[in-house]
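Contents: one structure, followed by commentary.
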Amino acid sequence: MAAQLRQLRQQIRSVKSTAKITRAQEMIATSRIVKAQNAVAASKPYADQITQAITALVSHHVSIDHPLLKEQPEDKRSAVLIVTSDRGFCGGYNANVIREAESLIKALREQGKEPLPYLVGNKALTWYRFRDRDIEAEWTGFSDRPAFADAERIGQRLAADFLKTDAEGGVGEIHVVYTEFVSMLTQSVQVRRLLPLDIEETAREQVPPAYEFEPTAETVLDQLLPGYVESRIFHMLLQSAASEHASRRRAMKSATDNANELIGVYTRQMNQARQAAITQEISEIVGGADALADSGGE
Amino acid sequence: MATLKVGLVSPEREIWSGEAKMVVAQTVEGQLGIMPGHAPVLGVLLDGSVVKVEPADGGEWISAMVGSGFFSIAGDEVSVLAEHAELGTDVDVAAARHDLEAARAGGEEDSTAERRARARLRAAGQEA
């Protein structure tokens, strides 16, 4: 009896300390979501401006022929950029991204292409290493707080590979799998084609002004397109970071809830065991006293 | 008098925005002064140059170092977008000097790092 009591007490202690950890993780994640959302908002003016400038350029110079806009059907190798987190403790966040990436890779193979993984975040890296697969490129160490320099590094590598042909070890198209932050409760995994850029025909009332170009339209486009690609990647990294924090908050919240429930169950069991021990002791004493009284009466 | 609506942004945040009388930027081909009523232009900034803004409220000129970016003028709106941008008042002069020395020691003539360090010093109002 006493042994069972001790065991339960120990279990309660250990669950309580786990609950403390998950509770702290939850609060950290909550505060980081706000920061991540602010970072998304702060990056918006730049992204909007650069999109507007590209729109202006492309709509006035339809004939512009830039390598980053060109389809490369002869190149069968395609890059798949997979954005995951560096740390776990975030529920299904990484599993979802990797599952989507797997189905994209399968779809690409069926089209006769050769998908090449470009990985962001430790989790994708360990997943690929464990399965002994080839990794084309990897970046880690910034998944929860990406800086523009990180996006720049990724963008430069991807653009450089895109401009090379298959024979030189380049790629024909670039896909990205990342997680879009929809709201605190919803984050959805997105699969996008980053390059070549798709030009959409839209009927807008507001036609961008007819710009003059300094020095020439070609030079401006040369400069703008890589900047645009980097800004897109930065946006995706920021969205993924916000999603990572939201997933972590949710996972840690349910872990804390479960721990508290477990503590309740164990406490009840412990009280029951204690009561049983006391009852047994009393009945033993009463039984003993009766036996004594009976024997003394004779 | 008409004023320009100016926004100076980097990918991570908005560096400065407000009304201005005049903006001076440097492209690869030379300096360009922008006043209200300018024709729409999309231009490439010289990597490692200084953009100057004269605020409409008559305050002091604002200088900022910019690296790798472009600017657009449309109507009376001027947007300066730079992958690296820093206001002159935020520049750490000692660090910039150190960078300049390091870039010079690198031996390359007119390297980007050297130009950027110089631009940071100039934006801070220091001799470079």
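Read-outs throughout are calculated quantities, based only on the coordinates presented, and are distinct from any laboratory measurement. Being a predicted model, the structure only gives us computed values, none of them experimental. Cβ sites come from the backbone with ideal geometry, for glycine too, and all protein chains shown count toward neighbours.
Summary of computed values
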| item | result |
| --- | --- |
| Paired Rg and Dmax values of region A:5-78, which use every Cα atom, in angstrom | 26.6, 82 |
| Pairs of lysine residues in chain A - Cα separation under 21 Å, sequence separation of 8 or more or cross-chain | 11 |
| Rough spin-label spacing in nm, given labels placed 7 Å along Cα→Cβ, for A:Gln4 and A:Glu110 | 5.7 nm |
| Selected from A:Ala41, A:Ala159, A:Ala79 as most flexible by GNM, with chain A as the system and alpha-carbon contacts under 10 Å | A:Ala41 |
| Note, ³J(HN,Hα) from phi for region A:234-243, Karplus 6.51, -1.76, 1.60, rounded to Hz, x at Gly and Pro | 4, 4, 5, 5, 5, 4, 5, 5, 4, 5 |
| Overall Cα dimensions of region B:4-88, principal axis frame, Å, largest first | 27, 24, 20 |
| Helix-only [θ]222 nm of chain A, DSSP H runs n ≥ 4, -39500 (n - 2.57) each, per residue, nearest 500 | -22000 deg cm²/dmol |
| Residue-span extension gain [A:Ala95 to A:Arg133] - 0.36 nm each, minus C-alpha spacing | 12.0 nm |
| Nearest-20 debye value, region A:29-132 charge dipole, Cβ charges on Lys, Arg, Asp, Glu | 500 debye |
| Stokes-Einstein D (µm²/s) once Rh is taken as the Kirkwood radius of the protein assembly as shown over alpha-carbon pairs, at 10 °C in 1.306 mPa s | 62 µm²/s |
| Degrees between helix B:93-105 axis and first principal axis of chain B (Cα, 0 to 90, nearest 10) | 60 degrees |
| Cβ-based exposure ranking for A:Ile98, A:Ile135, in which fewest neighbours within 10 Å come first | A:Ile135, A:Ile98 |
| Debye log10 I(q)/I(0) for region A:154-298, one point scatterer per Cα, at q = 0.11, 0.14, 0.16, 0.18 Å⁻¹ | -0.74, -0.94, -1.06, -1.16 |
| Degrees between helix B:112-123 axis and first principal axis of chain B (Cα, 0 to 90, nearest 10) | 60 degrees |
| Region A:26-252: C-alpha gyration tensor shape, a/c 1.5 cut-off, then a/b vs b/c | oblate |
| The protein assembly as shown, dipole about Cα centre (Lys/Arg Cβ +1, Asp/Glu Cβ -1), debye to the nearest 20 | 1760 debye |
| GNM result for chain A, Cα springs below 10 Å: residue of A:Gly121, A:Gly287, A:Gly88 fluctuating most strongly | A:Gly287 |
| Relative contact order (%) - criterion: Cα under 8 Å, at least six apart; region: chain A | 32 percent |
| For B:Thr27, distant residues with modelled amide H under 5 Å away | B:Leu32, B:Leu46 |
| Euclidean distance of C-alpha centroids, region A:140-154 and region B:15-54, integer Å | 29 Å |
| GNM top mover of A:Gln269, A:Gln72, A:Gln187 - chain A, alpha-carbon springs below 10 Å | A:Gln269 |
| Added length on full extension, which subtracts the Cα-Cα distance from 0.36 nm per residue, A:Ser183 to A:Glu284 | 30.1 nm |
| For chain A, share of DSSP beta bridges that run antiparallel, in % to the nearest 5 | 35 percent |
| Computed Kirkwood radius, in angstrom, where 1/r is averaged over Cα pairs of region B:60-125 | 12.7 Å |
| Taking B:His98, A:His245, A:His66, A:His175 and counting other C-beta atoms within 10 Å, the order from fewest to most | B:His98, A:His66, A:His175, A:His245 |
| Charged-residue dipole, Cβ positions (Lys, Arg, Asp, Glu), region A:153-298 about Cα centre, Debye nearest 20 | 160 debye |
| Least to most buried among B:Met65, A:Met27 (fewest other Cβ within 10 Å first) | A:Met27, B:Met65 |
